[in-house]
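The values are calculated or read from the model by the stated rules, or taken from the named source; none is laboratory data. Only a predicted model underlies this, so the values are computations on that prediction, with no experimental measurement involved. With ideal geometry, Cβ positions are generated from the backbone for all residues, glycine too; neighbour counts draw on all protein chains shown. In case anyone asks, the SASA skips ligands and DNA or RNA and just uses the protein heavy atoms, side chains included. Shrake-Rupley method; radii C 1.70, N 1.55, O 1.52, S 1.80 Å.
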Amino acid sequence: MKLTKLFQEFFNSEKAGGLLLILCAALSILLANSGWQVPYINFWKTDLAGAHLDHWINDGLMAIFFLLIGLELEREVYTGELASFKNAMLPIAAALGGMLVPAAIHLWFNFGTSTQSGAGIPMATDIAFALGVLSLLGNRVPTALKIFLTAFAIIDDIGAIITIAIFYSKGLSFLNLGAAMGIFLLLGILNRLKVRNLVPYLVGGIIMWYFMLHSGIHATISGVLLAFVIPFGSGDEKSPSYILQHLLHKPVAFLILPLFALANTAINIPGPISETFSTTNSTGIFLGLVVGKPVGVLIFVLLVTALGLSTRPAALTWKSLVGLGMLGGIGFTMSMFITLLAFNDNSSIDASKIVIMVASATSAILGFAILYFTLPSKNQVLES
């Protein structure tokens, strides 16, 4: 099986971006717990046009990240793994299991408490981190595993976006929401009229983002909506969707996500650290990511294959599926993003971020170890 040029570019940029994210997170934590602590943490709270710098990153730049995710999902739906129902069912089932089981674990520990709103935190998978860890295994990784993890992580992120829209929207302004939806409809009409120039879509997208920002639904949702009105056509290199996705790869991987990592890991780690992990919220997040992800992925994939709804590729062994499920437990970007929406107090936010980082690191190490010892050696890898 040959990887398309665009998928190969996406995979390469994401894996490199994942390694950069690790460095940025480590640097940010180091600075936030050093003699530079106060100026460093205060830097991200710098006022810029009436909002903090980290707010512009989380609500503004991250909308571009979600635009890229939406464009990649669109490609998968039209020409990729999600174009066929039977092929699509496998990563869809994995994503559903990887969202529902972790959320259920968190709710088991937190239902009826003030922290039950954190149930969405362990549902997420960080594409960049997951692909970054997978890339460390080099050419030992079969094509089927790369495609499965990418499709699974993208669907997982879309699930997280839907979760944000449904459960983390506050104080809806129907006037602003209506304006945003009106612009979305207008851009959809331009699509149907086969307008291929990207300029009106990008201008309309910015205006839609503004109204969405004031609607009570998180502004980043506008990025996904915009992706689905960008003309896809045949999906070739002249397609507006292809051109925009190509342009966004490197800025997202090497600027937007690193900035997000730096801004959101500027956390002063309190002592003793054991108190951070002693709460039910921390337990729910940690077990949800480290245990819930692989268990959910495995159970749901078993279910759809047993029912004959999908076929598991030979290269995607059950052992490698457990390893990929563990990589799905790297929640980082999306988990932290949902944390900012789930809680209002800084203590809960910072504690959750610390647990997310530890759980993500644990999942990364376990996932890498499982795949390292179960994947065929380099000379056994067949060209696909």
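To check my understanding: the extent here is largest minus smallest coordinate of the Cα atoms along each principal axis. What are those three numbers for the chain, in Å, largest first?
Extents along the principal axes: 53, 53, 39 Å.
Based on DSSP H runs of at least 4 residues, each adding -39500 (n - 2.57), what is the mean residue ellipticity at 222 nm of the chain after dividing by all its residues, to the nearest 500 deg cm²/dmol? Could the numbers behind the result be given before it?
On the way: 17 runs with 251 residues, N = 384.
Theoretical 222 nm ellipticity from helices: -21500 deg cm²/dmol.
Once R0 is set to 22 Å, what does the formula 1/(1 + (r/R0)^6) return for the Cβ-Cβ distance between residue 169 and residue 104, expressed as a FRET efficiency to the nearest 0.05? Each step should come with its number before you reach the end.
On the way: r = 22 Å, r/R0 = 1.00.
Efficiency, from the Cβ-Cβ distance: 0.50.
Rank 156, 54, 236 by mean-square fluctuation in a GNM of the chain with C-alpha springs under 10 angstrom and give only the top-ranked residue.
Among 156, 54, 236, the largest GNM mean-square fluctuation belongs to 236.
If packing is taken as the mean number of other Cβ atoms within 10 Å per residue, what is the order of 250-258, 354-362, 45-53, highest first?
On the way: 250-258: 19.2, 354-362: 22.2, 45-53: 10.7.
Sorting 250-258, 354-362, 45-53 by mean packing, highest first, produces 354-362, 250-258, 45-53.
Can you give me the pair-distance distribution of region 233-278, C-alpha pairs, 10 Å bins, whole percents?
P(r) for region 233-278, in whole percents per bin: 22, 24, 22, 15, 11, 5.
Highest mean first, what order results for 328-338, 92-102, 200-210, 125-135 on Cβ atoms within 10 Å?
On the way: 328-338: 29.5, 92-102: 25.6, 200-210: 18.2, 125-135: 27.4.
In descending order of packing, they fall as 328-338, 125-135, 92-102, 200-210.
Might you tell me the accessible area per residue for the chain, computed with a 1.4 Å probe and given in Å²? Walk me through the numbers before you get to the answer.
Values: 16520 Å² over 384 residues.
Each residue of the chain exposes 43 Å² on average to a 1.4 Å probe.
Taking 0.36 nm per residue of sequence separation and subtracting the Cα-Cα distance, how much length would be gained by fully extending the chain between residue 52 and residue 299, in nm to one decimal?
Values: separation 247, 0.36 × 247 = 88.92 nm, distance 4.26 nm.
Answer, rounded to one decimal: 84.7 nm.
If contacts are Cα pairs under 8 angstrom and at least 6 residues apart, what is the relative contact order of region 137-277 in percent?
Worked out over region 137-277, it gives 21 percent.
What are the membrane-span-like helices in the chain by this rule: whole DSSP H runs, Cα extent along the axis at least 30 Å, mean Kyte-Doolittle hydropathy at least -1.0?
Working: long enough: 5-32 (40 Å, 1.19); 85-110 (36 Å, 1.14); 143-167 (35 Å, 1.90); 346-374 (41 Å, 1.28).
Both cut-offs are met by 5-32, 85-110, 143-167, 346-374.
Determine the relative contact order of region 37-191: mean sequence separation of Cα pairs under 8 Å and six or more apart, normalised by residue count, in whole percent. Provide the component values of the computation, followed by the final result.
On the way: 87 pairs, mean separation 34.2, N = 155.
So the answer I get is 22 percent.
How much length is gained on full extension from residue 137 to residue 193, taking 0.36 nm per residue of separation minus their Cα-Cα distance? Numbers along the way, then the final one.
Numbers: separation 56, 0.36 × 56 = 20.16 nm, distance 4.58 nm.
Working it through step by step, the gained length comes to 15.6 nm.
Scan the chain and hand back the longest stretch that contains none of the GluC sites (Glu not before Pro) lying in DSSP loops with at most 10 other Cβ atoms within 10 Å.
Here the longest run is 1-236.
Please compute the contact order of the chain in relative form: average sequence separation of alpha-carbon pairs under 8 Å and at least six residues apart, divided by the residue count, as a percent.
Working: 629 pairs, mean separation 116.3, N = 384.
Result for the chain is 30 percent.
In square nanometres, what is the average projected area of the Cα convex hull of region 38-186?
Result: a mean projected hull area of 13.4 nm².
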